[in-house]
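Everything on this sheet refers to the single structure shown next.
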Amino acid sequence: MQSPQMIQAMQILQLSALELEERIEHELTENPFLEVKEGEEPPAEDGEKTSEEVGQLETMLDELERYERDAPPRTRGPADDVDKKLEAMANTPAQYHSLGDALLEQIALSDFDERRRSIAEYIVYSLDPRGYLPEPLERLVESCPVPGITVEELQAVLDELRAATHPALGAADLRQCLLLQLQALQLDTPLLCSLVTEHLDDITTNRLPRVSRVTGHSLDDIKQAIEVIRTLEPFPGREFGESPAETIHPDVVVEEVDGRFEVRLTRQGVPELTVSPAYRELLRRAGNGEAVRKWIKQRLESARWFIEAVHQRQNTLLLIAKMIFERQREFLDKGIKGLQPLRMLEVADATGVHISTVSRAVAGKYSQTPHGILSLRSFFTGGTARAAGGVTSQTVIQQRLRELVAEEDPMDPLSDDRLAELLRDRDGIRLARRTITKYRKILSISCSAQRRVF
């Protein structure tokens with residue numbers, strides 16, 4: 001069975017830089033004996049700073065003693081539940097607006113009367129995350145709480161909502177979504193409407209000659225029409241309630257200094273922690289107050305455990321990061337092409353830690369390197385043996401596939417068999433066609449038939 005200290009150390013090790021910063025702030029707030037070491041400031045004069053801290057802590061202890069002495073026994077009641085709910089709400093971080101929140105704000109700014117506003121809100125709550133209405137209006141009318149509503153009235157409010165937000169909001173499917181936008185833009189020509197209603201599957205699979213043959217239009221006309229369709233929004237809900245991109249805070253920095261690469265941890269958000277010396281004076285003043293002495297010792301022990309866990313995280317992360325970049329030195333010199341096959345077990349054996357420790361240490365962590373910010377986990381990759389000897393990492397092979405596809409003739413794209421031949425002949429890498437197909441799908445590269453340009 002693992003001790004509480006071990007469990008806390010593993011939890012701290014898994015935290016990213018931003019999560020660790022938040023955890024430290026929380027611990028500093030909760031534990032009065034934990035403080036930030038301010039080494040750049042001169043030490044306080046005799047008892048000056050300690051007296052101030054002792055005064056604050058004594059106030060807390062006086063309240064604790066008074067509570068234990070005077071407070072009658074309590075049982076949980078409704079007020080406790082309310083307090084816990086309020087506390088949970090106060091400590092919940094603000095969330096970005098969802099699709100529903102954003103649309104409800106739009107409704108509030110529109111000139112809907114009370115009945116139409118209620119219907120509009122019902123429509124918003126019926127939308128899926130894409131902005132579609134997955135159920136037909138007839139079924140929505142049956143479950144609508146607004147009395148006496150008809151399909152015609154629901155359709156009229158939906159049309160008003162579209163005019164105030166997005167012309168395709170509440171579409172039943174992709175085809176209706178595109179048609180509604182063509183109508184709103186007055187681009188609903190017979191050819192465009194025909195392509196949307198009858199030939200979307202052919203367009204998706206790049207069977208343009210077939211579309212040209214069936215519609216009787218030239219390939220140039222078909223391609224121009226497709227360019228118009230590509231300007232439309234397939235998911236009308238995407239324009240509302242979108243969250244900003246997540247900010248990445250690298251934990252590890254690799255930089256070249258005097259011709260050598262140095263690996264270090266970023267200090268941002270990780271202050272030097274220490275135990276407040278005020279506990280000594282408080283223990284002396286507590287005398288025989290058993291409850292107070294117990295409270296002080298618990299808080300003191302918690303502070304020491306947390307400081308040790310943070311130190312252990314930093315030391316373990318730095319040890320593992322140094323070993324990763326020692327094994328991936330060619331990456332630092334050449335970029336992605338220099339990436340070598342590497343397994344977590346190799347790093348675990350080289351650093352003397354368990355493989356699960358390596359996995360926890362790199363989880364959610366990023367490194368700032370001369371070739372960009374990359375996740376530490378991305379440096380662990382399998383490999384394929386080359387004909388001339390040696391091993392090439394899967395990441396390098398995937399990068400080579402990208403390059404071959406980028407260099408191909410778009411009028412005659414490379415098949416998976418041809419890609420396998422080029423890798424064998426040019427790079428000495430032997431891969432089965434099914435492996436090429438797997439890597440191509442991982443890279444979100446379409447098959448040759450769909451890549452062909454007519």
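The values are calculated or read from the model by the stated rules, or taken from the named source; none is laboratory data. These figures come from a predicted structure and were not determined experimentally. Virtual Cβ from ideal backbone geometry, glycine too; neighbours counted across all protein chains shown. To get the accessible areas, we keep the full protein, side chains included, count just its heavy atoms, and leave off ligands, DNA and RNA. Shrake-Rupley method; radii C 1.70, N 1.55, O 1.52, S 1.80 Å.
What to note about this one:
- Exactly one residue out of Leu99, Leu103, Leu34, Leu64 is within 30 Å of Val310 (Cβ to Cβ), at pLDDT below 90 and surrounded by 16 or more Cβ atoms within 10 Å (Cβ to Cβ): that is Leu34.
- Some residue of segment 424-432 being of a type in the set (D, E, K, R) and within 30 Å of Gln224 (Cβ to Cβ): no
- Hey, Leu192 touching a helix residue (DSSP H, G or I) at 6+ places or on another chain (Cβ under 8 Å) and exposed (fewer than 15 other Cβ atoms within 10 Å of the Cβ) or not: no
- Residue within segment 228-238 that is under 21 Å from the mean Cα position of the chain (by Cα), open to solvent by 90 Å² or more (accessible area, probe 1.4 Å) and closer than 17 Å to Leu174 by Cα present: yes
- Residue match in segment 320-338 (condition: polar (S, T, N, Q) and either open to solvent by 20 Å² or more (accessible area, probe 1.4 Å) or not in a loop (DSSP other than H, G, I, E, B) (or both)): no
- Val124 β-branched (Val, Ile, Thr) and under 23 Å from Leu109 (Cα atoms): yes
- If you filter segment 375-398 down to residues that are in contact with a strand residue (DSSP E or B) (Cβ under 6 Å, 6 or more places away or on another chain) and open to solvent by 30 Å² or more (accessible area, probe 1.4 Å), you find that the one that is modelled with the lowest pLDDT is Ala385.
- Residue-level analysis places Asp201 among those that are assigned to a helix (DSSP H, G or I) and not hydrophobic (A, V, I, L, M, F, W, C).
- When residues in segment 146-179 are screened for being part of a helix (DSSP H, G or I) and either touching a strand residue (DSSP E or B) at 6+ places or on another chain (Cβ under 6 Å) or open to solvent by less than 20 Å² (accessible area, probe 1.4 Å) (or both), 6 of them pass.
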